[in-house]
Amino acid sequence: MIDFQLPDELEELRQRVLHFIKSEVVPLEQDPRQRPHIHEALRRELVARGRAAGLLSPHAPVEYGGLGLDHRGMAVVFEAATWSPLGHLALNIQAPDEGNVNLLLRCASPAQKARYLPPLVAGELRTVFSMTETATDGAGADPSLLQTVARQDGDGYLISGRKYMISGVEGAGINIVMARTLDSKGNDLGASMFFVEMDAPGFKLDRELETLDSNMPGGHWEVSFDNVRVTPDQVLGEIGRGFAQAQVRLAPARLTHCMRWLGLARRCHAIAAEHAGKRHSFGKTLGEHQGVGFMLADNEIDLHVCRLAIWHCAWLLDQHQQARDETSMCKVFCSEALGRVVDRCMQILGAIGITGDTVIERCYRDIRCFRIYDGPSEVHRHALARRIVKGALNG
């Protein structure tokens, strides 16, 4: 049975995080080092504040310098941290780094863990996860269309191909690349993951993409690989097991996305509720008009159900149960429900809502992308529908 009562120590941690975010992070929300994406100097300042508060990397094991929380603890802390759109940076829980910590813990060799995890957990190293390709060149939502190739050459591999919408590349320290692997005879061995140094000969940042969101240090890029050499010690996990290893990362990462966006939607709701209680129109406060009051009520419903869904999935993962379908459903529901919450908040604030005078305008732009991050809603529905029909046919 899921226990929804927070232990005293977790409630205390939640309050510590909220106090830290409101006192140390919210004042930086108008810092000019945020456009078009987060400047590295601002990220490092936020990390330094999180480190000083003893709140850095709640998702990472204690042995590497993190707080060692389970998924339920992460759900509570991530939600509290993202009361500010900068909170994920201050606690070092941003994508793709947060998901890559989990990937390395599960798939990296002892030597790779020793090299990459300490600086990653300390917020000193940023990482990249390069899987997506353009619609014309290869894999987008369907990874089976992967066109980037790693050809065996001696005891290493030569990687060639193009990747699209790769987040955080500029200023990152290491790139985890998914490529279709061919042996020396050209036989397809399946997809594999490789560590690629950012200054590796043949690796190029081709074009920074103009995107709707503004929450990613290093922005989003189109990059290319031209016979980039990797050695055996740069193989992450097993050759040919790349897609299976990606699921180790992707299922929990879908859930942590939900945790983070829940916090931001709650912030927007709080702003809208306060505004509705103060602003007068036609002899009443906005909140006394049913049209606005009902929007606030719908917000509370969506926020509550999202939290329940997140906690259920967190409980499953903490019980070491398979939760692929559950996290997929949670990601679809939360991305759409929380998007509705922020949309209503903007509507309640009217003209103020579309300005930068509150964080709602920024959250509105950022949260729209959540329906695409880690698989569009339609892809998740497609995969769920296939399993539903298959289960029905198999009795």
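The values are calculated or read from the model by the stated rules, or taken from the named source; none is laboratory data. These numbers come from a predicted model, not from an experiment. FYI the Cβ positions are ideal-geometry reconstructions off the backbone, even for glycines, and counts take in every protein chain you see.
Only one of the listed residues (Ala270, Ala251) is surrounded by 16 or more Cβ atoms within 10 Å (Cβ to Cβ), out of contact with any His (no Cβ under 7 Å at 6 or more places or on another chain) and at negative phi. That residue is Ala251. When the range 35-45 is limited to residues that are closer than 20 Å to Trp83 by Cβ and within 18 Å of the chain's Cα centre (by Cα), the one that is surrounded by the fewest Cβ atoms within 10 Å (Cβ to Cβ) turns out to be Arg43. So, in the range 334-349, exactly how many residues are surrounded by fewer than 22 Cβ atoms within 10 Å (Cβ to Cβ) and under 16 Å from the mean Cα position of the chain (by Cα)? Final tally of qualifying residues: 2.
Inside the range 1-49, residues that are aliphatic (A, V, I, L, M) and in a loop (DSSP other than H, G, I, E, B) make up a count of 4. Helices (runs of 4 or more DSSP H) fully within the range 302-395 that include at least 2 residues being outside the structural domain of Gln34 (by TED's automatic domain parsing) and acidic (Asp, Glu): 324-349, 360-368. Condition check for Asp318 on (1) in contact (Cβ under 8 Å) with a residue 60 or more places away in the chain; (2) crowded, with 18+ Cβ neighbours inside 10 Å: one failure, at (2). Looking at the range 71-84, is at least one residue buried (at least 17 other Cβ atoms within 10 Å of the Cβ), in contact with a Cys (Cβ under 7 Å, 6 or more places away or on another chain) and either under 14 Å from Leu18 (Cα atoms) or modelled with pLDDT of 95 or more (or both)? Within the range 71-84, none of the residues are buried (at least 17 other Cβ atoms within 10 Å of the Cβ), in contact with a Cys (Cβ under 7 Å, 6 or more places away or on another chain) and either under 14 Å from Leu18 (Cα atoms) or modelled with pLDDT of 95 or more (or both).
The residues of the range 210-247 that are aliphatic (A, V, I, L, M) and modelled with pLDDT under 95, listed by number, are Leu212, Met216, Ala244, Ala246.
Name the residue that is surrounded by the fewest Cβ atoms within 10 Å (Cβ to Cβ), counting only residues in the range 139-198 that are over 24 Å from Arg106 (Cα atoms) and either of a type in the set (Asp, Glu) or outside the structural domain of Pro217 (by TED's automatic domain parsing) (or both). In this case the residue turns out to be Asp155.
Among the numbered criteria (1) in contact (Cβ under 8 Å) with a residue 60 or more places away in the chain; (2) surrounded by 21 or more Cβ atoms within 10 Å (Cβ to Cβ); (3) over 17 Å from the mean Cα position of the chain (by Cα), which single criterion is violated by Gly87? Gly87 satisfies every listed condition except (3). One residue stands out among those in the range 231-283 that are touching a residue at least 12 places away in the same chain (Cβ under 8 Å) and among the basic types (Lys, Arg): the one that is nearest to Leu145 (Cα to Cα), which is Arg241.
Scanning the range 160-213 for residues that are of a type in the set (Asp, Glu) and assigned to a loop (DSSP other than H, G, I, E, B) yields Glu170, Asp183, Asp199, Glu210, Asp213.
The set of residues in the range 321-345 being more than 17 Å from Gln247 (Cα to Cα) and free of Cβ contacts under 8 Å to residues at least 24 places away in the same chain consists of Asp343 alone.
Out of the residues in the range 122-138 meeting the condition of being modelled with pLDDT of 80 or more and among the polar types (S, T, N, Q), tell me which one is surrounded by the fewest Cβ atoms within 10 Å (Cβ to Cβ).
Filtering first and then ranking leaves Thr134.
The residue list Arg43, Arg49 contains one member that is of a type in the set (D, E, K, R), touching an Asp or Glu at 6+ places or on another chain (Cβ under 9 Å) and modelled with pLDDT of 95 or more, which is Arg49.
For the range 276-334, the set of residues classified as of a type in the set (Phe, Trp, Tyr) and at negative phi consists of Phe294, Trp311, Trp315, Phe333, listed by residue number.
Restricting attention to the range 164-218, the residues that are among the small types (Gly, Ala, Ser), more than 24 Å from Val101 (Cβ to Cβ) and in contact with a Leu (Cβ under 9 Å, 6 or more places away or on another chain) add up to 1. Of the residues making up the range 273-294, those that are in a helix (DSSP H, G or I) and surrounded by fewer than 22 Cβ atoms within 10 Å (Cβ to Cβ) are Ala273, Glu274, His275, Ala276, Gly277, Lys278, Gly287, Glu288, Gln290, Gly291, Gly293, Phe294.
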